[in-house]
1. What is the gain in length, in nm to one decimal, between K17 and S2 on full extension, counting 0.36 nm per residue of separation less the C-alpha to C-alpha distance?
2. When the Karplus curve 6.51 cos²θ - 1.76 cosθ + 1.60 is applied with θ = phi - 60°, which whole-Hz ³J(HN,Hα) does each residue of region 85-93 get, with x for Gly and Pro?
3. Compute the distance in nm between two label points, each set 7 Å from the Cα along the Cα-to-Cβ direction, one at C49 and one at Q82.
4. Could the peptides 19-25, 36-42 be put in order, highest first, of the mean number of other beta-carbon atoms found within 10 Å of their residues?
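Taken together, the values in this text are just the output of simple stated rules run on the coordinates, not laboratory data. Because the structure is predicted, anything quoted here is derived from the model rather than measured. Cβ: placed from backbone, ideal geometry, glycine included. Neighbour counts: every protein chain shown.
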Amino acid sequence: MSFLNEQLPETAEYFAKMRDSIFGETSLDVRTKELIAVATSVLMRCEYCTEIHSKRAISNGSNQKEIAEAIAVAMFVAGGSQLGWTKVYDNIFTDIRDKDSEKNNLCCGNPK
């Protein structure tokens, strides 16, 4: 973050304070928070973040299997989020079926 430190030192400082407040020991332990960060980093497609949070998760007691499971959860959410598009296509194809049905009920522009 040296670029931000140089160009926007106050912003960099507040970002660091936000990180420190989030990743402190609160209701969730740091290990759990880092596993959440691994999963969200995968979803954000940030290789750097995934690496950093994986290393932090390990240093807070996580193992490879837990990190793999966090990544699998991210994969599931990413895949599942695409299922919402099926409703869009259901609507599109319903509209097409309805229009086809209307066409089939017409003969030369007149109802059968």
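1. So the chain would gain 3.8 nm between K17 and S2.
2. For region 85-93, the Karplus-derived couplings read 5, 5, 5, 4, 5, 4, 5, 4, 6 Hz, x marking Gly and Pro.
3. Placing both labels 7 Å along Cα→Cβ, they lie 2.0 nm apart.
4. Working: 19-25: 10.4, 36-42: 21.3.
Packing order, densest peptide first, comes out as 36-42, 19-25.
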